[in-house]
Amino acid sequence: MSVIRLLVLGAVRQHGRAHGYQVRNDLEYWGAHEWSNAKPGSIYHALKQMAKQGLLHAHEIAPSTAGGPPRTEYEITEQGTREYFRMLRESLTSYDQKPDVLSAGLGLMVDLPREEALALLEQRLRSIGEWRRAVTEYYVPEEGPAQLGHIGEIMDFWVHSADTGADWTRRLIARIRDGAYTFAGEGEPFVGVLGEGEENPYATGERHPGDTR
């Protein structure tokens, strides 16, 4: 699954309409440039590609009075919305993926109804259990990693990761059941994007040729 596509669609959807520099600022505000491949070039590429694929609609905005090039603002389409929610649900349920997938899903999970988010996280717990059982068909944690030589350290790490992942997921489920966060349909959502002209405290300071668009 493409994390950058999920993040970009999520950012555009929260704005309603957004240009590339706004999306880039949002992803840096979320720290995505540190834990995913959300770098400036990949963000602008994703915007253009998804516009070609019908997931985003590109609006050409008149150039500034200073004579700069036209700016393109993007708006998510119905097809893009369906793809966004498909990827969001997958990010919360699949265990055999890189951490950036779950990180993206957690950052966007409040776009779902609370009960659906809980159901998806319960499904994630089941996926973790199934994955752990698959590993322990070949590796017995109680006997320690030495049973398989130094390669056993890999499986020991996998089992430990599954156990800690399951424990963390259970605690997240409990927090959500106790009323944490504002999910879709529950009222005014948390504002997770920057407003037009709002300074980004986490900006890298680098600019991209497409920033004016």
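Every number in this text was worked out from the coordinates using simple rules, so none of it is lab data. Note that this is a predicted model, so its numbers are computed, not measured. All Cβ positions, even for glycine, are placed from backbone atoms using ideal geometry, and neighbour counts span all protein chains on display.
In table form, for the structure just shown:
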| read-out | value |
| --- | --- |
| Calculated from backbone phi, Karplus (6.51, -1.76, 1.60) coupling profile of the range 98-105 in Hz, x at Gly/Pro | 5, x, 5, 5, 5, 4, 4, x |
| Relative contact order %, the chain, counting alpha carbon pairs below 8 Å whose residues are six or more apart | 27 percent |
| Estimated D of the range 1-62 in µm² per second, where Rh is the Kirkwood radius over Cα pairs and Stokes-Einstein applies at 20 °C, 1.002 mPa s | 185 µm²/s |
| Degrees separating the helix 40-52 axis from the principal Cα axis of the chain, which is the longest one | 80 degrees |
| Cα gyration tensor of the range 129-169 - equivalent ellipsoid semi-axes, whole Å, descending | 18, 10, 7 |
| Fewest-first ranking of PHE190, PHE183, using other Cβ atoms within 10 Å as the exposure measure | PHE190, PHE183 |
| Where Rh is the Kirkwood radius over Cα pairs, Rg/Rh for the range 1-127 | 1.02 |
| Length added when fully stretched, ILE154-LYS98, from 0.36 nm per residue minus Cα-Cα | 18.6 nm |
| Solution diffusion estimate, µm²/s, Stokes-Einstein, the range 85-138, Kirkwood Rh from C-alpha pairs, 37 °C, viscosity 0.692 mPa s | 285 µm²/s |
| Extension gain (nm, one decimal) between GLU75 and TYR138, 0.36 nm per residue minus Cα-Cα | 17.8 nm |
| Distant-in-sequence amide H partners of ALA184 (H built 1.01 Å from N, under 5 Å) | LEU112, ARG114 |
| Kirkwood Rh in Å, taken over all unlike Cα pairs in the chain | 19.1 Å |
